[in-house]
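Please read the structure below before turning to the comments.
The values are calculated or read from the model by the stated rules, or taken from the named source; none is laboratory data. Here the structure is a predicted model, which is why all the values come from computation and not from measurement. Glycine also receives a Cβ, built like all others from the backbone with ideal geometry; neighbour counts cover every protein chain displayed. SASA here: full protein model, heavy atoms, side chains in, ligands and nucleic acids out. Shrake-Rupley method; radii C 1.70, N 1.55, O 1.52, S 1.80 Å.
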Amino acid sequence: MTSGARESLPLHGVKVVDFGQFMAGPAVAMVLGDLGATVVHVDPPGGPIWDTPANATLNRNKMIVTIDLKTPEGLEQAEALISEADIVVENFRPGKLQKLGLDLAAMREKHSELITVSIPGFASTDEERRELRAYETVIAASSGVFTDMGLNRVLMGINPSFSPLPLASAYGTMLASSAAVLALQARERTGLGDHIEVPLASAVMEGLCYNSINIDGLPERYLTQREHEIARRRAEGLPMNLAYDELQELLDPFFRSYLCKDGRMFYVVCPSHKFHAKRCLEVLGIYDEIVAEGLPEEEDTYLPVAEWEKDASLGVYPLPKYWADLIAAKMKDVFLTRTAKEWERIFGRGGFPGAPQRWLQEWINDDHAEMSGLMIDVEDPVYGTMIQPGPVVWMEESGEAALSPIPRRWVEFSTALATLKRQRTKLPRVTDPDDRSGWMEGVRILDLCNVIAGPHSACYLARFGAEVIKLDPVSPLYDAWNTVIYGMSQMRGKRSVLADIREGAGREVFEELVKSVDVIVWNAPDNQIRKMGLDEESLKKINPDAIFCKLDCFSGVRRGPRTDYVGYDDLVQATTGIMLRFGGSMNEPEEHAHVGTIDVMCGFGGALGVAVALYQKLKTGRVGRGRTSLASNSGLLQVPYCYDYRGRDLFNEPSGRDVSGYDALTRFYYTASGDYLLFSTNEAEVGHLDQLDDFQGLAELRKDERETFLAAIFAQDTAQSWLEKLQAADIGAVVCDNLDALRAMYSREADGDPGISGGSYSFSVYSDHPSGHVVTQLDPCAVRPTRSSVIGLAPAEKFGCSTVSVLKEMGYTAEQIAEMMDAGAISDSWSKEYLPS
């Protein structure tokens with residue numbers, strides 16, 4: 001990449017010093033580097049602690065220097081780099097850098113403009129866990145990841161259930177990088193920096209917020225066949241021992257995989273949209289047949305089920321067993337008539353979601369991935385031409401420059417320091433050194449999004465003071481599962497308006513709202529954006545100063561053959577190999593269990609796009625358009641495995657239901673107390689382990705002999721005893737916790753506090769929730785600034801609750817509002833009940 005090309009990137013001139021090791025710290029600096037920042041990465045004398053080809057991706061666009069922080073000279077060099085930096089990133093245990101002699105708090109006293117980002121495994125305020133050896137697996141096990149792997153694994157009787165995806169580091173990366181840039185754009189107004197802590201345990205819990213929410217008295221219409229089967233087996237004392245094929249017959253027909261003519265499975269995700277299921281059946285040629293069988297299509301599915309014609313409706317999830325079985329049987333027959341590739345084109349061009357199951361290796365070398373820039377070629381000095389994931393977030397106007405990153409390069413300390421010194425930072429004068437305002441105070445956002453990723457991005461920004469107006473249609477396109485249930489998490493802190501924005505008075509309301517905001521966020525394909533007049537040229541005519549951020553399913557920087565295909569989290573899991581890795585084979589793909597596995601990450605990515613655009617506008621005056629996609633975020637989620645180069649070993653990452661860990665040194669072991677212990681260490685610590693009485697002889701064994709040796713040892717004592725021994729020796733070990741237990745232990749009555757001063761986990765109980773149900777949900781506590789404030793978000797209001805008040809604030813009279821309400825141009829509700837029964 002030429003220096004001129006990098007100058008077009010939005011973070012050009014921002015200087016970052018990266019002390020990170022393993023994944024999260026380096027990945028944050030990588031994301032900032034992809035957006036144009038100048039990054040210096042610091043490695044210890046022995047090289048990176050995590051020795052992996054993935055470092056070629058994580059350290060692109062970086063100068064790498066070797067510094068020994070255990071020496072006076074090394075500390076002096078580190079302080080010299082920090083004194084020139086805008087942002088410092090580190091992911092050591094709390095207090096580790098200070099013990100080495102590098103006091104970031106003291107440096108911020110000298111340099112009030114400095115932004116420091118700490119990404120520990122557990123919160124510095126977490127007395128119980130902060131000193132744990134917080135490897136990825138230790139964080140996951142402590143946070144309920146391995147014991148809450150979804151309904152499938154419950155019915156199969158697999159608990160704990162291992163996942164090799166680095167969820168905590170991936171969520172932590174997007175939270176920390178977005179927080180860093182939010183602080184950066186706020187600094188353009190205040191002149192003040194900040195210290196930000198993002199504990200990875202808190203980050204992964206935010207990623208699981210759609211899984212940890214508890215709604216007392218949830219109406220039966222929202223319970224799936226799998227949930228009914230779990231309840232039945234528990235009530236009758238039956239074992240959870242379903243086979244994979246048996247489990248498939250409990251899935252919704254519009255939310256499962258089908259075998260195609262070529263032997264490849266095809267994943268369909270059409271359960272909750274008003275038109276997707278119908279289009280699917282029409283294309284398959286079985287719609288009329290199923291209607292003739294008597295399946296109704298309720299016009300208003302937000303009525304109580306008791307008021308429906310029957311107990312089911314097309315486009316509502318989940319379908320009762322009778323209809324699910326009938327429809328699935330017919331769909332199975334039709335899918336066998338074409339190849340998965342043919343079905344992909346048919347679904348994509350038809351505008352409803354479906355995708356073939358692919359392995360990661362296929363995705364890395366996929367035509368769409370290459371053409372769109374979701375996968376890029378990088379000339380690495382060690383591995384030669386590598387295929388790496390493209391940028392996670394980019395700006396429409398400069399994204400092309402991000403497709404040609406500078407390969408990682410090792411330089412002398414003097415070269416790195418001189419490079420930082422050449423770039424001077426210009427900041428506004430500090431007028432209020434005690435300013436504690438939120439990073440987004442004074443910013444008004446119009447949220448046009450649906451489902452999870454898009455709405456979550458705006459909700460995330462609300463905690464930092466943004467005013468968010470959520471605009472939805474008068475008649476909902478999605479069922480109450482997708483709007484109200486998900487909305488309890490992603491509608492928090494927002495005001496809800498319902499308007500028909502296609503024409504007439506509703507369109508006028510829409511354009512007036514667009515004129516009134518600073519930011520617009522939408523997860524829609526380009527053709528829909530153009531139709532609504534929010535493409536770059538049209539938006540300039542309505543509000544030339546408004547920033548637009550787009551999230552979608554398959555976009556990259558460039559257009560590819562599947563750019564306009566609609567889709568959800570699940571489809572990207574299928575397309576990029578996540579489902580095949582989790583299930584273990586093409587015949588048995590399985591959705592990675594957590595609701596919103598990629599969705600929530602993408603939401604944080606959308607917020608980063610907004611933050612970058614705001615910074616660019618404040619710094620240069622240029623009004624930009626931020627972009628991210630579910631597919632681009634999947635590259636980060638799979639970064640330990642997502643690369644290819646000539647001579648690469650087999651793609652043999654841990655996969656399938658029976659896998660217990662990465663290898664003998666990181667896996668579950670059964671103990672004498674009947675509990676599974678998560679043991680987590682690495683090759684560098686084998687010698688240390690060998691010196692402990694219980695593990696003598698380990699260092700002499702071949703790698704393929706270790707598992708049997710360790711299994712026999714762990715079976716001799718209780719899990720609690722092993723925890724005490726191993727943690728005392730600073731070896732990674734925990735017993736898996738679960739979300740229900742964590743929620744019960746760390747819940748309190750809602751008091752408006754965001755939970756950022758507590759430990760790693762924090763929940764609030766809303767006994768007076770607007771829904772009428774008692775709702776317990778996660779606090780917005782993963783991003784913990786020292787200077788600026790975080791808001792404890794109000795619970796989600798009923799859809800349409802703020803239509804009248806927002807329109808009055810816009811200058812509409814009561815008579816005009818009533819007239820529009822009567823004409824159906826606006827509405828103040830979708831249903832009588834908050835959560836339809």
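Annotations
- Test: residue in the stretch 825-834 that is surrounded by fewer than 19 Cβ atoms within 10 Å (Cβ to Cβ) and closer than 30 Å to Ser762 by Cβ: yes
- Residue that is under 30 Å from Asp658 (Cα atoms), within 22 Å of the chain's Cα centre (by Cα) and either at pLDDT below 95 or surrounded by fewer than 21 Cβ atoms within 10 Å (Cβ to Cβ) (or both), where the choices are Leu151, Leu165, Leu200: Leu151
- Tally, over the stretch 648-700, of residues that are touching a Gly at 6+ places or on another chain (Cβ under 7 Å), part of a strand (DSSP E or B) and of a type outside the set (Phe, Trp, Tyr): 2
- Subset of the stretch 373-402 (residues that are of a type in the set (Val, Ile, Thr) and either surrounded by 21 or more Cβ atoms within 10 Å (Cβ to Cβ) or more than 22 Å from Ala170 (Cα to Cα) (or both)): Ile376, Val378, Val382, Thr385, Val392, Val393
- Residue in the stretch 603-615 that is open to solvent by less than 10 Å² (accessible area, probe 1.4 Å) and in a loop (DSSP other than H, G, I, E, B) present: no
- Qualifying residue in the stretch 257-279 (condition: in a helix (DSSP H, G or I) and touching a Leu at 6+ places or on another chain (Cβ under 7 Å)): yes
- The residue of the stretch 327-350 that is modelled with the lowest pLDDT, among those that are open to solvent by 20 Å² or more (accessible area, probe 1.4 Å) and under 16 Å from Lys278 (Cβ atoms), is Gly350.
- Pairs where the first residue, in the stretch 16-28, is part of a helix (DSSP H, G or I) and the second is hydroxyl-bearing (Ser, Thr, Tyr), C-beta under 7 Å, 6+ apart: Ala24/Ser169; Ala24/Thr173; Ala27/Ser169; Ala27/Thr173; Val28/Thr173; Val28/Ser177
- Only residues that are over 17 Å from Ala466 (Cβ atoms) and part of a helix (DSSP H, G or I) were counted in the stretch 164-179, giving 10.
- Restricted to the stretch 204-255, and to residues there that are within 26 Å of Leu281 (Cβ to Cβ) and among the aliphatic types (A, V, I, L, M), the residue that is most open to solvent (accessible area, probe 1.4 Å) is Leu223.
- Counting the residues of the stretch 700-749 that are more than 30 Å from Asp779 (Cβ to Cβ) and either free of Cβ contacts under 8 Å to residues at least 60 places away in the same chain or surrounded by fewer than 17 Cβ atoms within 10 Å (Cβ to Cβ) (or both) gives 27.
- Of residues in the stretch 1-26 being touching a Pro at 6+ places or on another chain (Cβ under 9 Å) and within 21 Å of Arg133 (Cα to Cα), the one most open to solvent (accessible area, probe 1.4 Å): Phe22
- In the stretch 784-808, the residues that are acidic (Asp, Glu) form Cβ pairs under 8 Å with partners that are outside any helix (DSSP H, G or I), at six or more places apart or across chains, as follows: Glu797/Met491; Glu797/Lys494; Glu797/Arg495; Glu797/Ser496; Glu797/Pro770.
- For the criterion of being at negative phi and touching a residue at least 60 places away in the same chain (Cβ under 8 Å), Thr52 passes.
- Pairs, first at positive phi in the stretch 359-385, second open to solvent by 10 Å² or more (accessible area, probe 1.4 Å), C-beta under 7 Å, six or more apart: Gly373/Leu403; Gly373/Val557; Gly373/Arg558; Gly384/Tyr645; Gly384/Arg646
- Taken as a whole, the condition of being open to solvent by 10 Å² or more (accessible area, probe 1.4 Å) and either touching a Lys or Arg at 6+ places or on another chain (Cβ under 8 Å) or not hydrophobic (A, V, I, L, M, F, W, C) (or both) does not apply to Gly33.
- Taking the stretch 286-310 as the range and being open to solvent by 80 Å² or more (accessible area, probe 1.4 Å), in contact (Cβ under 8 Å) with a residue 24 or more places away in the chain and over 24 Å from Glu220 (Cβ atoms) as the test, only Glu289 passes.
- Residue list for the stretch 203-240, filter: assigned to a loop (DSSP other than H, G, I, E, B), on the phi < 0 side of the Ramachandran plot and either without any contact (Cβ under 8 Å) to a residue 60 or more places away in the chain or of a type in the set (Asp, Glu) (or both): Asp216, Leu238
- Flag if Arg358 is in a loop (DSSP other than H, G, I, E, B), within 29 Å of the chain's Cα centre (by Cα) and not β-branched (Val, Ile, Thr): yes
- The single condition from (1) open to solvent by 40 Å² or more (accessible area, probe 1.4 Å); (2) within 26 Å of the chain's Cα centre (by Cα) that Gly656 fails is (1).
- Scope the stretch 315-335; condition part of a loop (DSSP other than H, G, I, E, B) and more than 22 Å from Glu591 (Cβ to Cβ); matching residues: none
- Applying the criterion of at least 1 residues that are open to solvent by 10 Å² or more (accessible area, probe 1.4 Å) and not aromatic (Phe, Trp, Tyr) to the strands (runs of 3 or more DSSP E) found wholly in the stretch 446-564 leaves 467-472, 494-499, 547-552.
- Residue satisfying all of: in the stretch 402-421; in a helix (DSSP H, G or I) and touching a strand residue (DSSP E or B) at 6+ places or on another chain (Cβ under 9 Å); nearest to Thr576 (Cα to Cα) among these: Ala402
- Residues (within 28 Å of Met174 (Cβ to Cβ), among the charged types (D, E, K, R) and at pLDDT 95 or above) located in the stretch 637-684: Asp644, Arg648, Asp663, Arg667
- All told, Arg130 meets the bar of being open to solvent by 10 Å² or more (accessible area, probe 1.4 Å), on the phi < 0 side of the Ramachandran plot and among the basic types (Lys, Arg).
- Test: Val283 is assigned to a loop (DSSP other than H, G, I, E, B) and touching a residue at least 60 places away in the same chain (Cβ under 8 Å): no
- Only strands (runs of 3 or more DSSP E) whose full extent lies in the stretch 729-837 are considered here, and the ones with at least 3 residues that are under 28 Å from the mean Cα position of the chain (by Cα) and either more than 27 Å from Phe464 (Cα to Cα) or of a type in the set (S, T, N, Q) (or both) are 732-735.
- The set of residues from the stretch 361-374 being assigned to a helix (DSSP H, G or I) and either acidic (Asp, Glu) or in contact with a Lys or Arg (Cβ under 9 Å, 6 or more places away or on another chain) (or both) comprises Glu362, Asp367, His368, Glu370, Met371, Ser372.
- Meets criteria (open to solvent by 50 Å² or more (accessible area, probe 1.4 Å) and either within 22 Å of Ala134 (Cα to Cα) or of a type in the set (Lys, Arg) (or both)) for Ser757: yes
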